[in-house]
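The values are calculated or read from the model by the stated rules, or taken from the named source; none is laboratory data. What you see is a predicted model, and the numbers here were worked out from it, not measured in a lab. Every residue, glycine among them, receives a Cβ derived from its backbone with ideal geometry; neighbour counts consider all protein chains shown.
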Amino acid sequence: MKLPTVISNLVAAQDRFDAAAYSKCFSAAAVVFDEGKTHQGPTEIARWIASANKKYNTVMKPISYHHTGSSSILTAEISGTFEGGPLILKYHFEILDGLIQSLRITG
């Protein structure tokens, strides 16, 4: 499956548990919405993903990808150290100039 470079980089960073590389996929004003919380900017996003990685050890297996303009949805199977896994999640991206502007993760 062909993914935009920034999403491929995000998946690779997630699978390496590399919060610094993960946060570099986002613009300075980026926002992430996950589990009812909002995380804004690369520094806060790096803290959020580092905490989630420590807690859940999540790895992603992309299943499908669809995009329209700057909006896209990556459907991925995630597994890790959480109950009920693996899970199928949808990653709703807004991408501009090769960086993620927003990410909303839904079940």
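Taking the condition in contact (Cβ under 8 Å) with a residue 40 or more places away in the chain, in a strand (DSSP E or B) and hydrophobic (A, V, I, L, M, F, W, C), does Ala76 pass? Don't jump to the end; show me each part of the working.
Numbers: in contact (Cβ under 8 Å) with a residue 40 or more places away in the chain: yes; in a strand (DSSP E or B): yes; hydrophobic (A, V, I, L, M, F, W, C): yes.
Judged against the criteria, Ala76 is a match.
Would you check if Ser8 is small (Gly, Ala, Ser) and touching a residue at least 60 places away in the same chain (Cβ under 8 Å)?
No: the conditions fail for Ser8.
For region 34-48, how many residues are closer than 20 Å to Arg16 by Cβ, loosely packed, with under 15 Cβ neighbours inside 10 Å and not polar (S, T, N, Q)?
Residues that pass the stated criteria total 1.
Going by the conditions given, is Ile88 within 19 Å of Pro4 (Cα to Cα), modelled with pLDDT of 95 or more and either in a strand (DSSP E or B) or of a type in the set (Val, Ile, Thr) (or both)?
Considered against the rule, which asks whether it is within 19 Å of Pro4 (Cα to Cα), modelled with pLDDT of 95 or more and either in a strand (DSSP E or B) or of a type in the set (Val, Ile, Thr) (or both), Ile88 comes out as no.
Do we find that Arg47 is out of contact with any helix residue (DSSP H, G or I) (no Cβ under 8 Å at 6 or more places or on another chain), touching a residue at least 24 places away in the same chain (Cβ under 8 Å) and of a type outside the set (Phe, Trp, Tyr) in this structure?
It is false that Arg47 is out of contact with any helix residue (DSSP H, G or I) (no Cβ under 8 Å at 6 or more places or on another chain), touching a residue at least 24 places away in the same chain (Cβ under 8 Å) and of a type outside the set (Phe, Trp, Tyr).
Across region 49-96, which residue is nearest to Gly107 (Cα to Cα) among those that are among the charged types (D, E, K, R) and loosely packed, with under 12 Cβ neighbours inside 10 Å?
Glu83
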